[in-house]
Amino acid sequence: MLPYIDLPFVYVSTLLGSSLDEIKIIASFLLSYPLAAILKRLPDDKPWLKNVFNISIGLFFVVGLFDLWWGLATIILDAIITYLIAGYVQGPYMPWIGFVWLMGHMSVSHIYRHMLNDPAVIDITGAQMVLVMKLSAFCWNVWDGRQKQSELNDTQKDRMLVKLPNPLDFAGFVFFFPALHAGPAFDYIDYHRWLNTTMFDLPPGTDPMKAPPTRKKRRIPRSGTPAMLKLGAGLIWLVLFLQLSPFYNPSVILGDQFTKHNILWRIFHLHMLNFVTRMKYYGVWMMAEGACILSGIGYKGLDPKTGKPDWSRLTNIRPSGVEFAQNSHAYLGNWNMNTNHWLRNYIYLRVTPKGKKPGFRASMATFVTSAFWHGFEPGYYMAFVLASFIQNVAKNSRRLLRPFFMTPDGKRPTPYKRYYDIFTWLVTQLAFTFTTTPFILLSLHDSLLAWSRVYFYAIIGVGISSLFLLTPGKAFLQKKVKARTTVPAQPSPGKPEVHRADSQEALQGATLGVPHEPGQEFDEMVDEITEEVKKRKGSAVGPDGAALRKLVADTLDRNLEGLRGAGSKAKEL
């Protein structure tokens, strides 16, 4: 640590009542802006200078500001070993070897942080979580560069690396300071295109007169205004967090006075705890994104509608998308979006054999990876498991209820659709208020205590809804929906028939690894296990997936009947 560097931070932390490390991390985000402005102005024809600047500032943030010498060793070790694995390990297991190394090493940091048990202290875990995404994706990008392009999808073709980058470029990618501590994560190809400025090439056929304005001879478009807007929004969220957190924090939820209020007050306070906690993430991620925009790497191209620069390449959070979400997919899909991208492209789709659709294996691998990546606190797993059942109920409920609030062709809302929207928004927000509380409290004891103080309302609601989906009531609603939405096809002569686009909820593997339909994925699990057993036993006769599922269901029914009978006898006694 540099001498006397702590003095101004100690003064500010004493003034605001925040921890020293919290003030430092906010200061590092603020410092990223003038430093990113310098980075942007370095000569485009000297990429080595940009790399050296990135590495120098990254080192300053890690050891000059936070004195994380062990953290620096962690970053360097992860980077060097991943680079060697990608460069010298051949064969199809190369990306998985890199993945296992990175996740295994990160687990050590998670365990250390768990033992430290001080959320106010900044260690290297956050930066390492971002690095795991970047470096595991790097291994896959190198692997894709060794494959036939006919075997890759469009995203993989765009991200692939046909040759290993030189060590200086790779080090600049690792230590890219605007996204070092909190992300956003991005693939190496983005850094490479930013470094050599090909990111700013105009699409073929674009009128050069419509090119975004730049200063002097730089190719990076002007990005000061969108960057400052992100900075302003991030600061507002952080100020709101600092102002409201004394009133809405875990100590209030877990305190004895909490139980003296009625249930509606408790649920409201629990919701505000989650909302205020999210403010911190909104602020940090938006400030980090703003610094990336200012450096130029947030450039996504020209907006096809407005013709103006689109700076959303590294958007990691959409607060309005979370706070006004009317279903679980929208809620999760607008949160930590770059992690969603990583899980989908480098876990969910990678564990799926070629020529097959992603199934139970892909969903479970994504779920386990997401939970493991977050850490080992029980609260994470409580939240993920409950969220998966909420996904199941939400998708089935949407299919059974939403058609009654739309016209029969499904294209226009009825006058009552607004009430459906309000209801689904309220249910979604309250369900995730309950579900994400363990993500804040972390420990099993505190999470169960908080849940019990609101009478486990989300678990009871999910349980009742799940039971309903097993009753004839579901079939009754399905019949009504089918009768309502079945409209005779009458295509206009000479015009193609219009088909409804798939709902966004049909996308899988893209919402933090939370399974979408546990029931469906259980069926897929049975089918995959059955198929695997038959492969290993050759032509041995055995039940197929449907028969095996029926056998399991019949066995469960018999066991339940036995339990009911035992209960009746116990009552008689």
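The values are calculated or read from the model by the stated rules, or taken from the named source; none is laboratory data. Everything numeric here is computed off the predicted structure, so don't read it as measured data. Reconstructed Cβ throughout: ideal geometry from the backbone, glycine too, with neighbour counts over all protein chains shown. What goes into the accessible areas is simple: the full protein's heavy atoms, side chains included, and nothing from ligands, DNA or RNA. Shrake-Rupley method; radii C 1.70, N 1.55, O 1.52, S 1.80 Å.
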Within segment 108-139, restricting to residues that are in contact (Cβ under 8 Å) with a residue 60 or more places away in the chain, farther than 17 Å from residue 370 by Cβ and hydrophobic (A, V, I, L, M, F, W, C), the one that is most open to solvent (accessible area, probe 1.4 Å) is 111
Between 426, 442, which is within 18 Å of residue 393 (Cβ to Cβ) and not assigned by the TED database to the domain that holds residue 114? 426
Of these, 179, 137, which one is among the aliphatic types (A, V, I, L, M) and within 16 Å of residue 54 (Cβ to Cβ)? 179
Out of everything in segment 190-247 that is of a type in the set (Phe, Trp, Tyr) and at pLDDT below 95, what residue ends up being nearest to residue 174 (Cα to Cα)? 200
Among the residues of segment 265-286, is any under 17 Å from the mean Cα position of the chain (by Cα), of a type in the set (Lys, Arg) and either surrounded by fewer than 17 Cβ atoms within 10 Å (Cβ to Cβ) or within 30 Å of residue 431 (Cα to Cα) (or both)? yes
